[in-house]
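> Below are the structure tokens for one structure; questions will follow.
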Amino acid sequence: MDQKEIYQLMAEKLGTAALGFSDEGVEACADVAPERIAEACLFLRDDERLAFNQLMCLSGIDWDGYDENGKGKSVKILGYAEDGQPETSDHVSEGDFGVVYSLYSHSKLHKFTVRVRVSRDKAAVPSVAQVWSTADWHEREAWDLLGISFEGHPNLRRILLEEHWVGHPLRKDYQMPDSWDNVPLNGQPYGNNPFPTPEVTPDPTLDQPAGDDPVEG
Amino acid sequence: MAIENIKTSKGWADQDHVPGLKSELLELNMGPQHPATHGVLRLVLLTDGEVVYKVTPVMGYLHRCAEKIAEGVNYKQWVVYTDRFDYLSPMTCNHAYVTALEKVMQQEVPERAEHIRIVVSELSRMASHLIALATFGLDMGAWTPLLYCFREREVILDLLERISGGRMLYNYMVPGGVRYDVPKDNWASDVIDFITMIENKKLKDYNELLSFNKIFIGRLANVAVIDPQTAIDYGCTGPVLRGSGVKFDCRKDDPYSLYHKFDFEIPVGMGEKGTVGDCWDRYMVRVREIEQSCRIIRQALESLPDGPYQAIELKKIVKAPAGAAYSRVESAKGELGHYIIADGGQTAFRNKVRSPSFCNLQVMEKVGVGLMISDLVALIGSLDIVLGEIDR
């Protein structure tokens, strides 16, 4: 089915929550109000004319500093400086977060792309893990790397990073840590032992080391 | 099932038949260093005796956040990171990335380059499937096929070394073409000789040694059945999906590159030895795909056109106009997709990788429940996961 027709079917169902459709770029996509995305996905899956039974991909995006003019002048991400210290910046992140759902139908053999955008201070999207089971891990990944929260997700924990990791690395304002679990990450040469042997001062109260006495008898 | 429900269920309480002796569920760590988990994967199992009640995969031990690196290096520099995703078939990973990038760039690729890409991708797929057969046999206690499969894989690595210069990680494809042309020293005829040998002799060997071995079948038939609805719902792709009887292959159903020009079939699981979607079906799909890869390679090499093999000069830094696109290819493990957002510069604004092993592994949370621990090993082997791709 044509991309435009799919959008019109969805717009009939969603009303004002269908925010727009664009087929100017390489790939056509539809924008949906974030609070009704789970409902939209359920419709896309269950409607007989659409039957999107597979979620190919769910991508979280940090839109902070995206160059709207297409000149390649987006905000630079922060890495490590030449002296090995984490780079810092005065830039205050303010862009939205986005989630993109790429759908495919095995029976109708058509694709569709749905996007949502949420503001940075309220980064929460309804979960679609009940619609497609595969969304479970994709959403956990988006939470882990971008810090987008998915309401109604059965098990929203970090998936790739450690449970107690601080921050979300794919955010544009993420600052690299200078150490992790007492292991310095600040670009020290590999030759340096990160765990130097502590200097042991001999205890004067002990005359001789214990445990070396010969056993009698 | 939640742990609390299991603990209070009737079947559970009934086992305390010896007065004063209580039994309880055992939490067992399988991995991260375990020969049957095919990499640094850790499975937290909740078991009652030999039966698995709950399985929770824990991954991330190989996480490098390659998607963050993609935002810091330019498009061509990132090809080398795609090699490290599925390190058993890096050519298909290269192919996935350059295909997605060319879609965003709207870049045409010379026909000769596409033919070479298809040949090396299929060789890579064969190498990956050979490893899958070998290690699967090993998991099931069959040592000999491992040596046979690695012997043939060695030939593939030699062939790919001659065309790309690398044995395992190639960095061979570039946006707009491939890095080097086909070597002049009979490379093409050597490839034809090799696939003829595989088709005529080696596949029969594998089938006699492993596929139709009575013990092997007895171990795998009717084990860990994934039905088609579950497979699609969990986003399974590749041999896992086809093993469940769903005839879907990106090369046929969502054609990229020049696959529509070639004549080949999609093998699916048919439940010959048990139920459709059991471990043996998933295994057998891979064996039959090796045969189809041979067919594709033969056609691609026999019709290899003359002409340029690069559309963009190798030294040139590529830029992609602003836009976003999702593109997928059929890698050895399944549907490998890239969602690239370009902002007009030399670097991707966002590059999300949808890796097939990541989605295939998730189905284990459902299918693994109720299996014996030894059958769980069969399930992992039949899913054929690569941890470099899951953790990225």
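No value in this document is a laboratory result; all are computed from the given coordinates. None of the values given here were measured: they were computed from a predicted structure. Every residue, glycine among them, receives a Cβ derived from its backbone with ideal geometry; neighbour counts consider all protein chains shown.
> Suppose every Lys and Arg Cβ carries +1 and every Asp and Glu Cβ carries -1, with no other charges. What dipole size does the stretch A:1-154 come out with about its Cα centre, to the nearest 20 debye?
Computed about the Cα centre, the dipole is about 500 debye.
> Turning to a different aspect of this structure: Go ahead and run the numbers for FRET between B:Y87 and A:V92, Cβ-Cβ distance against an R0 of 45 Å, rounding to 0.05.
Approximately 0.65, to the nearest 0.05.
> If the only charges are +1 at each Lys and Arg Cβ and -1 at each Asp and Glu Cβ, what is the size of the charge dipole of chain B around the Cα centre, to the nearest 20 debye?
620 debye
> Can you give the extra length, in nm with one decimal, that the chain gains between A:H106 and A:W180 once fully stretched, where that is 0.36 nm per residue apart less the Cα-Cα distance?
In short, 22.2 nm is gained.
> To continue, here is another question. Which residue fluctuates most in the GNM of chain B (Cα springs below 10 Å): B:S211, B:S355, B:S121?
B:S211
> List the extent of the Cα atoms of the stretch B:200-281 along each of their three principal axes, largest first, rounded to whole Å.
41, 37, 14
> Based on the Cβ-Cβ distance from A:E68 to B:D227, what FRET efficiency comes out when R0 is 60 Å, to the nearest 0.05?
0.80
> Can you tell me the FRET efficiency between B:T56 and A:L42 if r is taken as the Cβ-Cβ distance and R0 is 22 Å, rounded to the nearest 0.05?
Calculated value: 0.20.
> Note the full-extension length gain between B:K204 and B:D190 as 0.36 nm times their separation in residues minus their Cα-Cα distance, in nm to one decimal.
Taking 0.36 nm per residue and subtracting the Cα distance, the gain is 3.0 nm.
> Could you go through the stretch A:115-120 in sequence order and give the Karplus-derived ³J(HN,Hα) for each residue, using 6.51 cos²θ - 1.76 cosθ + 1.60 with θ = phi - 60°, rounded to whole Hz, and x for Gly and Pro?
These are the phi-based 3J(HN,Hα) values: 10, 10, 9, 10, 6, 5 Hz.
> Let me ask another. Take the Cα atoms of the stretch B:200-244, find their three principal axes, and give me the spread along each one in whole Å, biggest first.
37, 24, 9
> If you don't mind, there's one more thing I want to ask. Quick one: give the max-minus-min coordinate of the C-alpha atoms of the protein assembly as shown along each principal axis, largest first, in Å.
In descending order, the Cα extents are 92, 67, 56 Å.
> Roughly how large, in nm² to one decimal, is the mean projection of the convex hull of the alpha-carbon atoms in the stretch A:72-129?
Averaged projected hull area, Cα only: 7.5 nm².
> Using amide H atoms built 1.01 Å from N in the peptide plane, name the residues 5+ places from B:R42, or on other chains, whose amide H lies under 5 Å from its own.
Amide H to amide H, under 5 Å and 5 or more residues apart or across chains, B:R42 pairs with B:V58.
> Here's another thing I want to ask about it. Going by how many other Cβ atoms sit within 10 Å of their own, how do B:I266, A:I6, B:I156, B:I215 line up, fewest first?
Sorted ascending by nearby Cβ count, the order is B:I215, B:I266, B:I156, A:I6.
> In the Gaussian network model of chain B, springs joining C-alpha atoms below 10 Å, which of B:V182, B:V73, B:V318 carries the largest mean-square fluctuation?
Looking only at B:V182, B:V73, B:V318, the biggest GNM fluctuation is shown by B:V73.
> For B:K54, enumerate residues with amide H under 5 Å from its amide H, sequence gap 5+ or separate chain, H modeled in the peptide plane.
B:L46
> At 7 Å along the Cα-to-beta-carbon direction for both A:S22 and B:I69, put a label point, then send me their distance in nm to one decimal.
For A:S22 paired with B:I69, the spin-label model returns 3.1 nm.
> Moving on. Can you list the aspartates and glutamates whose alpha carbon sits under 14 Å from that of A:K122, skipping same-chain ones fewer than 8 residues off?
A:E35, A:D62, A:E94, A:D96, A:E151
> Quickly work out the A:N155-to-B:R167 label distance, labels modelled 7 Å from Cα along the C-beta direction, and quote it in nm with one decimal.
Placing both labels 7 Å along Cα→Cβ, they lie 4.0 nm apart.
> On to the next question. So how do B:S23, B:S89 line up by other beta-carbon neighbours within 10 Å, fewest first?
B:S23, B:S89
> I'd like to know which of B:F248, B:P267, B:P308 lies farthest towards the positive end of the charge dipole of the stretch B:244-347, counting +1 on Cβ of Lys and Arg and -1 on Cβ of Asp and Glu.
Looking along the dipole axis, the top candidate is B:P308.
> A further question on this structure: Mind grabbing the base-10 log of I(q)/I(0) for the stretch B:270-392 at q = 0.09, 0.16, 0.18 Å⁻¹? Debye formula, identical points on the C-alpha positions, no solvent, two decimal places.
-0.44, -1.01, -1.11
> Tabulate in residue order the Karplus-calculated ³J(HN,Hα) for the stretch B:80-87, using 6.51 cos²θ - 1.76 cosθ + 1.60 with θ = phi - 60°, rounded to whole Hz; enter x for Gly and Pro.
Values per residue, Gly and Pro as x: 5, 6, 5, 3, 7, 5, 9, 6 Hz.
> What does the charge count around B:N222 come to, taking other residues whose C-beta lies under 15 Å from its C-beta (Lys +1, Arg +1, Asp -1, Glu -1)?
-1
> Sorted from fewest to most neighbouring beta carbons within 10 Å, what does the list A:T201, B:T237, B:T275, B:T99 look like?
Ranking A:T201, B:T237, B:T275, B:T99 by Cβ neighbours within 10 Å, fewest first, gives A:T201, B:T275, B:T99, B:T237.
> For the stretch B:288-392, which GluC sites (Glu not before Pro) pass both filters: DSSP loop (anything but H, G, I, E, B) and at most 13 other C-beta atoms within 10 Å?
B:E313
> More than 16 Å apart: what percent of Cα pairs in the stretch A:33-93 qualify?
69 percent
> Follow-up question, since we're still on this one. Taking each residue in A:155-165, count the Cβ atoms of any other chain within 10 Å of its Cβ, then average. What number comes out?
3
> How large is the Kirkwood hydrodynamic radius of the stretch A:104-184, in angstrom, based on all distinct alpha carbon pairs?
14.6 Å
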